[in-house]
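Visitor: Let me begin by handing over the structure; questions about it come next.
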């Protein structure tokens, strides 16, 4: 097993990616050799679906995390057809989606399976309702949206923001710690039922050739290479994967134990929130935004504390 911290030397790609932009390096190599790439992208309605890409330019749609379980559609069958025709195929997705692809395709030399380190995937309905209600609140339409970024790194990789941009030039942006959709996701309220008993975790469950995610521990493990633009954690399980990853310049070799210490989602499933059933009931019966605020919003005591901390900071400076 190879475990490394790495980043894309192209700063623009790195900024557009959620972590270090290593996915783009691997995907570009596959496409440059005449292959195709499957991954999650937004469609014209800002729902998340699996998309087939066969150009370097098309990879921009696959960059960046989408904290929604994607509509896979015909992606499995299309990927199988590409494999049968002899094309190299990079299939990326959540561990369960990658396992589904592996079950259909079996062992194939021209198939590379790449999973993201998965905290859990929200049900699509929560994302679609949230975005619709947010647009109504802002007096905009879904069709006015020009971009959605769950991991806007203009405020830094560690303190990323949730950002939606509109065609009139207006922008809605919040630190992820303040955004209700992100807070509910990170508190596990909106995850799919299967996520709480995921069988596709390391060490035995993962069916991927390569696992990619955030190398959160880089600040502690190698602070000298952490510039807050994002660093990728890459875990490769087979020597045969070297043809796909040999061109990825490593920042640092890591132990698997260090990787898990700072990104426990590699091996651990989320815990079921005690009041999740109540959340689901109220979310079915009411508007979603107030329900998210009730269950995942900041408590008043925390709001007061943060306000006073900001006030103190401004007075001292």
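Visitor: Out of all the residues in segment 142-166, which are closer than 30 Å to residue 223 by Cβ and not in a loop (DSSP other than H, G, I, E, B)?
Guide: Across segment 142-166, the qualifying residues are 149, 150, 151, 152, 153, 154, 155, 161, 162, 163.
Visitor: Among the residues of segment 138-166, which ones are more than 21 Å from residue 40 (Cβ to Cβ) and either in the same structural domain as residue 229 (by TED's automatic domain parsing) or in contact with a helix residue (DSSP H, G or I) (Cβ under 7 Å, 6 or more places away or on another chain) (or both)?
Guide: Scanning segment 138-166 gives 141, 166.
Visitor: Can you find a residue that is part of a loop (DSSP other than H, G, I, E, B), within 25 Å of residue 161 (Cβ to Cβ), modelled with pLDDT of 95 or more and outside the structural domain of residue 113 (by TED's automatic domain parsing) anywhere in segment 283-290?
Guide: yes
Visitor: Right, another one. Check 169, 205 and return the single one that is assigned to a loop (DSSP other than H, G, I, E, B), farther than 24 Å from residue 125 by Cβ and assigned by TED's automatic domain parsing to the domain that holds residue 283.
Guide: Exactly one residue qualifies, and that residue is 169.
Visitor: If residue 185 satisfies every condition in (1) over 30 Å from residue 108 (Cβ atoms); (2) in contact (Cβ under 8 Å) with a residue 40 or more places away in the chain; (3) part of a loop (DSSP other than H, G, I, E, B); (4) in contact with a strand residue (DSSP E or B) (Cβ under 8 Å, 6 or more places away or on another chain) but one, which is the exception?
Guide: (3)
Visitor: How about segment 9-28: which of its residues are surrounded by 20 or more Cβ atoms within 10 Å (Cβ to Cβ) and either in contact (Cβ under 8 Å) with a residue 60 or more places away in the chain or within 19 Å of residue 110 (Cβ to Cβ) (or both)?
Guide: Those that are surrounded by 20 or more Cβ atoms within 10 Å (Cβ to Cβ) and either in contact (Cβ under 8 Å) with a residue 60 or more places away in the chain or within 19 Å of residue 110 (Cβ to Cβ) (or both): 14, 17, 18, 19, 20, 21, 22, 23, 25, 26, 27.
The values are calculated or read from the model by the stated rules, or taken from the named source; none is laboratory data. Computed from a predicted structure; not experimentally measured. When we count neighbours, we look across all protein chains shown, and the Cβ atoms used for this are built from the backbone with ideal geometry, even at glycine.
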